[in-house]
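Step one of this worksheet: look at the structure below.
Read-outs: derived from the displayed coordinates by stated rules, not from any lab. Just so you know, these numbers come straight off a predicted model, no measurement behind them. Positions of Cβ are backbone-derived with ideal geometry, glycine not excepted, and every protein chain shown enters the neighbour counts.
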Amino acid sequence: MTDLLPLKPIESDLADKIRATLDQRPQLAELVSDVIDKGLRNVFFVGAGGSLIAAYPAHYLLEREGTWPVYKLQSDELNTARPRRMGEGSLVFLASYTGKTKETVAAAQYARSTGATVVVVTQEGGPLAEAADVAFTGKSDLFMQLAAYALLRRAGVERDWALLDQALDALPDALVATAHEGEEQARVIAETLKDEPITYVLGSGPSYAWAYGLAMCFLQEMQWKHAAGFNSGEFFQGAFEVVNDDVAVINLLGEDPSRAMAERARRFLDTYATKKTFHIDTADLTLPGIPKALRGEVSPLAIAVLMDRLARHYEAVRGHDLDKRNYMFQVDY
């Protein structure tokens with residue numbers, strides 16, 4: 001029998017990390033204003049693993065409401081593809097939690113060589129910060145979304161900006177509440193699915209980021225479990241053929257415009273795969289202080305918190321520390 005591990009508590013500084021990121025809004029606004037005044041042509045979000053996952057909500061926002069072309073690229077995809085559109089007038093955001101991810105450092109160096117403005121966010125500085133025009137210290141996945149808001153606001157996009165400011169002020173406490181409200185479901189999911197041979201995870205719109213992230217980063221990388229993440233729409237292009245009552249599925253539902261896609265998946269799963277299916281729905285959260293009109297934009301941030309706690313519950317019931325690795329940070333690759 002696998003030895004259990006103590007369940008790690010909800011981060012005591014979760015709200016403080018979010019506030020520290022929110023406090024960088026004036027510097028972001030100044031940066032964005034300067035870049036736009038000089039002639040912004042396009043925006044790139046670049047990263048690998050968790051840092052790329054954190055860019056999905058920002059990319060989604062700018063695609064929906066912005067007027068500039070916006071791209072989302074894996075770090076080495078930038079290094080190898082070298083898109084012609086990147087150059088003077090490009091604003092490139094890159095992230096690495098350690099500041100040392102070699103492909104992301106190389107991507108920053110390449111982006112800067114094209115004449116693009118290179119902005120990075122790390123928790124620890126490092127060579128990535130040295131490769132940038134501007135470096136921020138990030139302690140929350142919120143940073144890229146704040147960058148998207150800064151761009152939209154400076155561009156004069158019409159929306160209720162006072163309402164957004166109200167939501168951002170409430171966000172730290174709302175996400176702490178999210179962590180607490182999701183604990184029981186996270187416990188049940190981890191205990192139920194801990195020994196499953198494979199787990200499929202579905203998500204749509206900005207929530208697809210954590211369908212991919214839960215499957216690849218938390219279950220494969222950190223738990224050595226077979227898993228696969230799918231876009232809720234693409235699920236019906238083949239993957240649903242292998243789903244039945246014996247297959248584990250986690251379906252993520254946000255409150256953004258893509259919700260209809262996730263609800264379609266829920267209807268199918270509730271008909272054909274009920275025994276090992278779990279729906280994680282941000283509509284079940286209170287999100288105190290978040291106006292109804294902005295719950296959709298907050299929901300991917302809430303899902304990120306829920307996924308982190310779900311990973312901690314897997315860690316505890318499987319006795320497999322999230323920091324344990326076979327290859328990552330252990331061998332040259």
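Note the full-extension length gain between Gln330 and Glu191 as 0.36 nm times their separation in residues minus their Cα-Cα distance, in nm to one decimal. Display every interim value, and only then the final one.
Details: separation 139, 0.36 × 139 = 50.04 nm, distance 2.92 nm.
So the extension gain works out to 47.1 nm.
Ratio of Rg to Rh for segment 1-97: 1.11 [Cα atoms; Kirkwood radius as inverse mean 1/r over pairs]. Applying a threshold of 32 Å to the alpha-carbon distances of Lys17/Lys324; Lys102/Lys324; Lys100/Lys292 flags Lys100/Lys292 as lying beyond it. Candidate cross-link partners of Lys275 among the lysines, defined by an alpha-carbon separation under 22 Å and a same-chain spacing of 8 or more, comprise Lys194, Lys225. Annotation for Lys8 and Arg264: the two label points, set 7 Å from Cα along the Cα-Cβ direction, are 3.7 nm apart. Spacing of the modelled spin labels on His180 and Asp284, each 7 Å from Cα toward Cβ, amounts to 1.8 nm. Extension gain for Arg85-Lys100 works out to 2.8 nm (0.36 nm per residue, less the C-alpha to C-alpha distance).
For segment 1-44, which semi-axes, largest first and in whole Å, follow from the square roots of 5 times the eigenvalues of its Cα gyration tensor? Mind showing how you got there, number by number?
Working: eigenvalues 347, 51, 3 Å².
Gyration-tensor ellipsoid for segment 1-44: 42, 16, 4 Å.
Where nothing but the Cβ of Lys and Arg (+1) and of Asp and Glu (-1) is charged, how large is the charge dipole of the chain around its Cα centre, in debye to the nearest 20? Write down the numbers at each step before the final one.
Values: 34 positive and 46 negative charges, 133 e Å.
Once rounded to the nearest 20, the dipole reads 640 debye.
Spin-label model, Thr137 to Arg159: label points 7 Å out along the Cα-to-beta-carbon direction sit 2.9 nm apart. Between segment 286-333 and segment 18-55, the alpha-carbon centres lie 22 Å apart.
What FRET efficiency do you get for Tyr272 and Arg112 if R0 is 45 Å and r is their Cβ-Cβ distance, rounded to the nearest 0.05?
Working: r = 50 Å, r/R0 = 1.12.
The formula returns an efficiency of 0.35 here.
How large is log10 I(q)/I(0) at q = 0.12, 0.15 Å⁻¹ when the Debye formula is applied to the Cα atoms of the chain, each weighted equally and without solvent? The Debye formula, applied to the Cα set alone, gives -0.86, -1.32. Gap in Å between the Cα centre of segment 171-243 and the Cα centre of segment 74-147? Between the Cα centre of segment 74-147 and that of segment 171-243, the gap is 27 Å.
Dipole orientation for the chain: of the candidates Asn326, Thr178, Gly289, Asn326 has the Cα lying most toward the positive pole (charges on Cβ; Lys, Arg +1; Asp, Glu -1). Once you sort the root eigenvalues of the Cα gyration tensor of segment 170-239 as a ≥ b ≥ c, which label holds: rounded (a/c under 1.5), prolate (a/b larger than b/c) or oblate (the other case)? Note, shape of segment 170-239 comes out oblate. Our estimate of slack between Glu65 and Asp34, defined as 0.36 nm per intervening residue step minus the Cα-Cα distance, is 9.1 nm. Measuring r between the beta carbons of Asp246 and Ala293 and using R0 = 35 Å, the FRET efficiency lands at 0.30.
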